[in-house]
Amino acid sequence: MTDNERSLSKTLEHDLHGTVSFLIIPIFAFANAGIPLTGLSFNSLLEPIPLGIILGLFFGKQIGVMLFSFIAVKLGIASLPDNVNWKQLYGVAFLCGVGFTMSLFIGSLAFEQGGTEANLMNDRLGILVGSTISAIAGYLYLNKVLPKNEAK
């Protein structure tokens, strides 16, 4: 195969990548989260379980990632990669709050024994909202601090 030729499967994979990554997978994740939308209100987010999960995913992940990264760099255990600064690392810390799948797994283990169905739905609501806020904030922040590539 020459450089000018592309296989049909590679072309198809390239063409579908954006749609699958940014539409199909998020819809699949949301559908499998099992959150019934009936009866949900803004006040549902202010209950202790979802609010704690939202705050933990959004603020806790940022604090943990930045704190331990800072400590590791200052102790000489690690170093920032070339062409990466602390602002960019902080943007990645935002994105760490997106841990959707593992959070659902941990939540199901936490409320498996003795938890009510309402607790299980509240944890899923908190995970969904916390992950969404982290993803949006991370995108917006990184879009602002990352260097822009000029079109050639």
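Scanning the range 99-152 for residues that are aliphatic (A, V, I, L, M), modelled with pLDDT under 80 and surrounded by 11 or more Cβ atoms within 10 Å (Cβ to Cβ) gives L104, I106, A110, A118, L120, M121.
For the range 46-63, enumerate the residues that are more than 17 Å from the chain's Cα centre (by Cα) and of a type in the set (D, E, K, R). Across the range 46-63, the qualifying residue is only E47.
When L80 is tested against (1) without any contact (Cβ under 8 Å) to a residue 40 or more places away in the chain; (2) more than 19 Å from L142 (Cα to Cα), exactly one condition is not met: (2).
Part of a helix (DSSP H, G or I), out of contact with any strand residue (DSSP E or B) (no Cβ under 8 Å at 6 or more places or on another chain) and without any contact (Cβ under 8 Å) to a residue 24 or more places away in the chain, is that true of I71? Show your work before the answer.
Values: part of a helix (DSSP H, G or I): yes; out of contact with any strand residue (DSSP E or B) (no Cβ under 8 Å at 6 or more places or on another chain): yes; without any contact (Cβ under 8 Å) to a residue 24 or more places away in the chain: yes.
It is true that I71 is part of a helix (DSSP H, G or I), out of contact with any strand residue (DSSP E or B) (no Cβ under 8 Å at 6 or more places or on another chain) and without any contact (Cβ under 8 Å) to a residue 24 or more places away in the chain.
The values are calculated or read from the model by the stated rules, or taken from the named source; none is laboratory data. This structure is a prediction, so every number in the text was calculated from the model and none was measured. Every residue, glycine as well, gets a Cβ built from its backbone with ideal geometry; the counts of neighbours run over all protein chains shown.
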